[in-house]
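Data first, discussion second: the structure below is written as structure tokens.
The values are calculated or read from the model by the stated rules, or taken from the named source; none is laboratory data. Note that this is a predicted model, so its numbers are computed, not measured. Don't worry about glycine lacking a Cβ; one is built from the backbone with ideal geometry, like all the others, and counts go over all protein chains shown. Calculation scope for accessible area: heavy atoms of the full protein, side chains included, ligands and nucleic acids excluded. Shrake-Rupley method; radii C 1.70, N 1.55, O 1.52, S 1.80 Å.
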Amino acid sequence: MIRRVHAGGRYVDPALAADALTAPECPLTPRELEVLRLAEFDTPVAVIARRTHLSGGTVRNYLAAVVAKLGVSSRAEAFSLAREHGWL
């Protein structure tokens, strides 16, 4: 394997390939992902709104949609789940 890679060949770990093929597709829109990414450290809605040039109500709507789509009970859980699946 090392010689193959050294010679310019490729190696893909079978477990990693299987994970990539079975990983669920992200149900979130790019904007929902952006808002969720900014919510990582329990960032206040007002701060997220300023950074994204959205109103606070729109940010709350995005976060509510994310929580509903992912079937979790909080944005912290949503962030963890999205990170776990490699969407963030």
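A few points about this structure:
- Test: residue in segment 50-57 that is under 16 Å from the mean Cα position of the chain (by Cα), on the phi > 0 side of the Ramachandran plot and not in a helix (DSSP H, G or I): no
- The single condition among (1) open to solvent by less than 100 Å² (accessible area, probe 1.4 Å); (2) among the charged types (D, E, K, R); (3) modelled with pLDDT of 95 or more that Arg60 does not satisfy is (1).
- When residues in segment 35-49 are screened for being aliphatic (A, V, I, L, M), closer than 18 Å to Glu77 by Cβ and either outside any helix (DSSP H, G or I) or open to solvent by 20 Å² or more (accessible area, probe 1.4 Å) (or both), 3 of them pass.
- Selection of first residues in segment 26-51 that are more than 14 Å from Ala65 (Cα to Cα) and of second residues that are open to solvent by 60 Å² or more (accessible area, probe 1.4 Å) and not aliphatic (A, V, I, L, M), restricted to Cβ pairs under 7 Å at least 6 apart or on distinct chains, gives the following pairs, ordered by first then second residue: Leu38/Arg51; Val45/Arg60; Ala49/Ser55.
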